[in-house]
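The values are calculated or read from the model by the stated rules, or taken from the named source; none is laboratory data. Since we're looking at a predicted model, the values are computed, not measured. Here the Cβ is made from the backbone with ideal geometry for all residues, glycine too, and neighbour counts use every protein chain on show. SASA here: full protein model, heavy atoms, side chains in, ligands and nucleic acids out. Shrake-Rupley method; radii C 1.70, N 1.55, O 1.52, S 1.80 Å.
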Amino acid sequence: MDEFPLAPDETLDDLRCGGLRIIQRRDGYRFSLDPVLLCAFARIGAGESVVDLGTGSGVIPLLLARRTAAGSIVGVEIQEQAADRARRGAVLNGLAERITILHRDLRDLRSALAPESRDVVLSNPPFRPTGTGKIAPGDERAVARHELAGGLEDFLAAGQYLLKQGGHFYLIHLAERLAEILSAMQRLRLEPKRLRCVHSRLGEGARLVLVEGRKAGRPGLTMAAPLYIYEGEGYSAEVLAMYGD
C-alpha cells in the first residue's frame, strides 16, 4: 500500500464484489448493503453516462465501473474528505479512467455539469429528515444519514436537471417514505416506472424500497417481486448473487 498511503483515521476494506477495495474513515460513515442493492436494481446500457448523487466514498461508481459497460461515471459528493477518498479509491482499483469524482453540492450543479446530459442518475441519499431521529456524532455520519445537505426533493431535482428526456433515475429509500417519494417524483416529471420492496426476511414488512423513474415517462408502474435480504442465518441466495458468491 505504499502507493496509496492511508491517513491514520482511514481503513482499507474489501467490498466483496469483484475484488474491489474501498477507503473509508475509521469512525465515519461505513458502507452498507444499500448501494449493492441499488446497483443490482439499476439497468444501465453499454456506453451510457451515469451520475451518482451523494457518492460518499465512491461505492456506487466502483460497483458500476466493475460490473457494467457504462461509459462515463461521475460521483458527486459535498464532503471534501469523502470525495478525496472516492478519488483515491478509483485509482486504487484501476478505474480512474472511467470514474470522475466531483466535490460539489448537488443543489448547485449548473457550473459543473450540463443540463439533460446524462442517461442514468442513481442515489442512495440520506434517509432521515432533519429534526427526526438521533443525529449521528461527527459531521460525516450525520450528513450521510440525515438531510443536512439536501433533502429528498433536492436529490430528485438534481436528477431531473441532469437527465436527458427519457433518462432513468434509480433510488433506494425508506419504505415509510414511499408516498412522499412517488409524489415528489411525479411533480418533477420523473415518472415512477418500477418499484421493488425490500424486506429483511419472509413474513416481515418492507423496510426499504427501490424505485425507478423515467424523465417525462408515461404513467404506468410495475411492481417487481419482493426482495428478501436474509435466509436463515445469512444472506439470501439473491443477495449473495449480487456479491458474486
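A few notes on this one:
- Distance from region 62-115 to region 173-216 (C-alpha centre basis), Å: 25
- Overall Cα dimensions of region 24-88 - principal axes, largest extent first, Å: 36, 21, 16
- Accessible area of the chain divided out per residue, in Å², using a probe of 1.4 angstrom: 45
- Carbon/sulfur fraction of accessible area - the chain, other protein chains in place, 1.4 Å, %: 49
- Region 1-69 - percent relative contact order, Cα under 8 Å, separation 6 or more: 28
- In region 1-40, the inverse of the mean reciprocal separation of distinct Cα atoms equals 11.4 Å; this is its Kirkwood hydrodynamic radius.
- Kyte-Doolittle at least -0.5, axis length at least 15 Å by Cα - qualifying DSSP helices, the chain: 152-162
- Mean Cβ neighbour count within 10 Å, used as a protection proxy, ranking 43-54, 220-231 highest first: 43-54, 220-231
- Per-pair calculated FRET efficiency, R0 = 30 Å: Ser117 and Ser183 via Cβ, rounded to 0.05: 0.70
- Here the convex hull built on the C-alpha positions of the chain has a volume of 131 cubic angstrom per residue.
- Listed peptides 195-206, 88-99, 65-76 by packing density, highest first (mean Cβ within 10 Å): 65-76, 88-99, 195-206
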